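The values are calculated or read from the model by the stated rules, or taken from the named source; none is laboratory data. Because the structure is predicted, anything quoted here is derived from the model rather than measured. Don't worry about glycine lacking a Cβ; one is built from the backbone with ideal geometry, like all the others, and counts go over all protein chains shown.
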Amino acid sequence: MYRYTDFDAGFVAERNRQFRAQVARRIDGSLTEDEFKPLRLMNGLYLQLHAYMLRVAIPYGTLDSRQMRQLAQIAERWDKGYGHFTTRQNIQFNWPVLGDVPDILDALAEVEMHAIQTSGNTIRNVTADHFAGAAADEVADPRPVAELIRQWSTDHPEFQFLPRKFKIAVTGSPADRAVTAAHDIGLRIVRAADGGIAYQVLVGGGLGRTPMIGKVLHDALPEADLLPYLEAIVSVWNLLGRRDNKYKARIKITVHEHGIDEIRRLVEARFAETRAAFSGIDQVMLAGIRAAFAPPAFRDAPVDAYHAARDADPVFRAWTDSNLAAHRAEGYAIVQVSLKAHGATPGDASALQMRVLADVAERYGHDELRISHEQNVVLPHVHLSDLPALHAILRAHGLGTANIGKVSDIIACPGMDYCALATARSIPVAQEIALRFDALKIEHQVGDLKIKISGCINACGHHHVGHIGILGLDRAGVENYQITLGGDQGPDAALGQRTGPGFSADEIVPAVERIVETYLAERAGAEEDFLATFRRIGMAPFKAALYDAPDKEARADAA
Amino acid sequence: MSVIVTDAGFGPDTHSPDPRSGEAVTMPSDTAPEALDAALGAEMVVIDFPSSADGRGFTLARLLRLRGYRGRLRARGHVIADQYAMARRAGFDEVEIDDALAARQPEDQWRLRADWQAHDYQARLRG
Ligand code: SF4
């Protein structure tokens, strides 16, 4: 793992000193509320419905046991004993008091963490594939370059007051587990013609009220050109992006209004200017960062205990069937720990759970943890022989749910329970769907199915790319949930299509149930997953199941 | 009246050429990047900051420097003390603020950021 250099540590300490002074200057009137707002946002402090919220970066989703324990400590000391992992590899504390925030930031700095640029009109926390450095299907580990971009974007003097927020994601795998096509810039590491690596650069993706899939700006950018090229893109957008209307300010709208070819022409011209400013020292630094991400020393040990446990214990077997992914090293697995126990708040972890996760990472996981954009925790390197013991510990702490990728592994934004912008609740809907399918006992029969829920049009729950997407709106004071089907967050990212009129809070769970029943009735076999079935048969059968008259009457009767 | 902020702190506006003389060029924050070239030979360029939330001036300054502009470069308007280091790193020599802002954010708040060359990721990465 990357360790802070003296420079990094000095930077964060100085930044925290500045923020402490900014809070004091806000209180003594030196800073107006309008001036203070962007400053607190660029330090991760956001004003929510009931209180301030502090959003802490987990750069490229990687952390170790020491850092996880510190998050637990912060949750207990300054919050209500839990934290919420988000869809962008951050953890949010929902109840800090303004005056405590400088101390929280210092506590984070003790373990090489910060909340810098997790909010505001800045380049946000760079996200990466949560299986990085472990996945069997990887071209290269995306984390070193994500760290390089973190350093480049941190306190970048030109880019602290951008037209709007700006999100970058990197994947090193053709499976694209970082949803790069839904980011302002998506970087995909690809094999170059000469056998080295290069970057496919996507620009202008994003969800929100005008969802767009990113477009290819460059097919194979040489690694040495990456920082000046990124700088050229953000520089062009900083001047060209609209500042008259915040709903039209994101780069996806700039790309849409000017066309990808014109944007490419402008970026190429700007790149000719920015390139000269880089001497190449960044590549030397990148090589050093890469060395820090060298894989741990994997051990060679028998795996009989694993197979014996699978044969003997159906609960363990079900968990390994759904929660493991292929590791590149012989005898190892990637373990996904579900933060989606049926009926729990998706993405929430208690301080005790964080400590348990830290302990098992230290004992069984080469001291590494990851946070996935699906709001789960990943132990990227676990030897198969350790899985039975690991599973027993996880189960004892409500962390053993066997539902990764299944109906109840739902992404949900905070919605009306926390968010000032929400038009509907999302957490309770996720909880009810999970409980319903758990009661039906058909989750494993249904297989891979991603449900994503947003509590307003801003789409923090990524509903557009859910196989089933749910968007909570406010219709004359009543919650109304729109459904989209067929969204896909993978390498062939696609936006879901609306089924038709929305459903009330009472109707939404039965509606999802009818969609799943329709899939089960129509699928060509158990191997054809929901998305494949939807692509084959289209919207019509689902529409019929949702809206046709008999069902409506039945619904009216039930109501 | 206005105050000129440099690394040395607050000072009066003594050395600015008369904006009407042709030696100083004033540019709004929405200046197109092509239009910067006309200013490359000027003795002084002033870039306006209508609001501290409008970050375009930082990119305009940087482009001017990348294109070889070597004259005096001033940020004028609603620039706050917290942005002083950004302004210097982007290529500005000085900041011009009005008396009201100077009273609300006195000299010591600006002086704290006079060490703008320290803790600069950009300088490390560019070499
Ligand atoms: S989607 Fe809307 S309700 Fe949900 S977190 Fe984002 S802004 Fe808040």
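Tell me which residues, restricted to the range A:445-480, are surrounded by fewer than 18 Cβ atoms within 10 Å (Cβ to Cβ), within 16 Å of the ligand (Cβ to nearest atom) and of a type in the set (Asp, Glu).
Hit for the range A:445-480 is A:474, nothing else.
Name the residue, out of A:358, A:424, A:420, A:430, that is within 16 Å of the ligand (Cβ to nearest atom) and assigned to a helix (DSSP H, G or I).
From the options A:358, A:424, A:420, A:430, the qualifying one is A:430.
Output the residues belonging to the range A:121-180 that are assigned to a strand (DSSP E or B) and within 14 Å of chain B (Cβ to nearest Cβ).
At the first step, the residues of the range A:121-180 found to be assigned to a strand (DSSP E or B) are A:123, A:127-128, A:135, A:166, A:168-171.
Matches in the range A:121-180: A:123, A:166.
Report yes if some residue within the range A:496-507 is in contact (Cβ under 8 Å) with a residue 12 or more places away in the chain, under 22 Å from the mean Cα position of the chain (by Cα) and within 16 Å of the ligand (Cβ to nearest atom); otherwise report no.
The answer is yes, given that some residue of the range A:496-507 is in contact (Cβ under 8 Å) with a residue 12 or more places away in the chain, under 22 Å from the mean Cα position of the chain (by Cα) and within 16 Å of the ligand (Cβ to nearest atom).
Within the range A:390-407, can one find any residue that is touching a residue at least 24 places away in the same chain (Cβ under 8 Å), within 16 Å of the ligand (Cβ to nearest atom) and surrounded by fewer than 24 Cβ atoms within 10 Å (Cβ to Cβ)?
So far as the range A:390-407 goes, no, none of its residues is touching a residue at least 24 places away in the same chain (Cβ under 8 Å), within 16 Å of the ligand (Cβ to nearest atom) and surrounded by fewer than 24 Cβ atoms within 10 Å (Cβ to Cβ).
Check residue A:490 against each of (1) closer than 18 Å to residue A:426 by Cβ; (2) part of a loop (DSSP other than H, G, I, E, B) and name the one condition it does not meet.
Unmet for residue A:490, out of (1) closer than 18 Å to residue A:426 by Cβ; (2) part of a loop (DSSP other than H, G, I, E, B): (1).
For residues that are more than 12 Å from every other protein chain (Cβ to nearest Cβ) and surrounded by fewer than 21 Cβ atoms within 10 Å (Cβ to Cβ), scanning just the range A:24-45, find the one that is nearest to residue A:146 (Cα to Cα).
A:33
Considering the range B:41-62 alone, what residues qualify as being more than 7 Å from chain A (Cβ to nearest Cβ) and in a helix (DSSP H, G or I)?
Initially, the range B:41-62 is screened for residues more than 7 Å from chain A (Cβ to nearest Cβ), giving B:41-51, B:57, B:60-61.
Result: B:57, B:60, B:61.
Please go through the range B:86-127 and pick out each residue that is in a loop (DSSP other than H, G, I, E, B), within 7 Å of chain A (Cβ to nearest Cβ) and of a type outside the set (Gly, Ala, Ser).
Of everything in the range B:86-127, those that are in a loop (DSSP other than H, G, I, E, B), within 7 Å of chain A (Cβ to nearest Cβ) and of a type outside the set (Gly, Ala, Ser) turn out to be B:105, B:119.
Could you count how many residues in the range A:147-190 are within 17 Å of residue A:224 (Cβ to Cβ) and not charged (D, E, K, R)?
The initial filter retains those residues of the range A:147-190 that are within 17 Å of residue A:224 (Cβ to Cβ), namely A:147-149, A:151-152, A:170, A:187, A:189-190.
Narrowing the set further to residues that are not charged (D, E, K, R) leaves A:148-149, A:151-152, A:170, A:187, A:189-190.
Here the count works out to 8.
I'd like to check something: does the range A:178-187 contain any residue that is farther than 17 Å from residue A:487 by Cβ, among the acidic types (Asp, Glu) and crowded, with 24+ Cβ neighbours inside 10 Å?
Of the residues in the range A:178-187, the ones farther than 17 Å from residue A:487 by Cβ are A:184-185, A:187.
Remaining after also requiring among the acidic types (Asp, Glu): A:184.
Checking which are crowded, with 24+ Cβ neighbours inside 10 Å leaves us with A:184.
Yes, the range A:178-187 has at least one match.
Can you find, within the range A:181-196, the residue that is farthest from residue A:126 (Cα to Cα) among those that are assigned to a strand (DSSP E or B) and at pLDDT 95 or above? So that I can check it myself, show each step before the final result.
Residues of the range A:181-196 assigned to a strand (DSSP E or B): A:185-191.
Narrowing further to those that are at pLDDT 95 or above: A:185-190.
Numbers: A:185: 10, A:186: 10, A:187: 11, A:188: 13, A:189: 15, A:190: 19 Å.
Filtering the range A:181-196 for residues that are assigned to a strand (DSSP E or B) and at pLDDT 95 or above, the one farthest from residue A:126 (Cα to Cα) comes out as A:190.
Take the residues in the range A:160-215 that are farther than 25 Å from residue B:122 by Cα and without any contact (Cβ under 8 Å) to a residue 24 or more places away in the chain; name whichever of them is nearest to the chain's Cα centre (by Cα).
The residue in question is A:195.
Testing residue A:267 on (1) under 18 Å from residue A:184 (Cα atoms); (2) hydrophobic (A, V, I, L, M, F, W, C); (3) at the interface with another protein chain (Cβ under 10 Å from one of its Cβ atoms), one condition comes back false. Which one is that?
(3)
Is it the case that residue A:286 is closer than 22 Å to residue A:145 by Cβ and either within 13 Å of chain B (Cβ to nearest Cβ) or surrounded by 17 or more Cβ atoms within 10 Å (Cβ to Cβ) (or both)?
yes
Would you be able to tell me the number of residues in the range B:64-80 that are within 29 Å of residue A:36 (Cβ to Cβ) and at the interface with another protein chain (Cβ under 9 Å from one of its Cβ atoms)?
Count: 2.
Let me confirm something: among A:483, A:442, which residue is away from the ligand (no atom under 13 Å from the Cβ) and buried (at least 24 other Cβ atoms within 10 Å of the Cβ)?
Going through A:483, A:442 in turn, just one is away from the ligand (no atom under 13 Å from the Cβ) and buried (at least 24 other Cβ atoms within 10 Å of the Cβ): A:483.
Looking at A:527, A:517, which one is assigned to a loop (DSSP other than H, G, I, E, B), away from the ligand (no atom under 16 Å from the Cβ) and outside the structural domain of residue A:86 (by TED's automatic domain parsing)?
So the residue among A:527, A:517 that is assigned to a loop (DSSP other than H, G, I, E, B), away from the ligand (no atom under 16 Å from the Cβ) and outside the structural domain of residue A:86 (by TED's automatic domain parsing) is A:527.
Could you grab me the full set of residues in the range A:58-95 that are within 25 Å of residue A:165 (Cβ to Cβ) and touching a helix residue (DSSP H, G or I) at 6+ places or on another chain (Cβ under 7 Å)?
A:59, A:60, A:62, A:71, A:74, A:83, A:89, A:91, A:93, listed by residue number.
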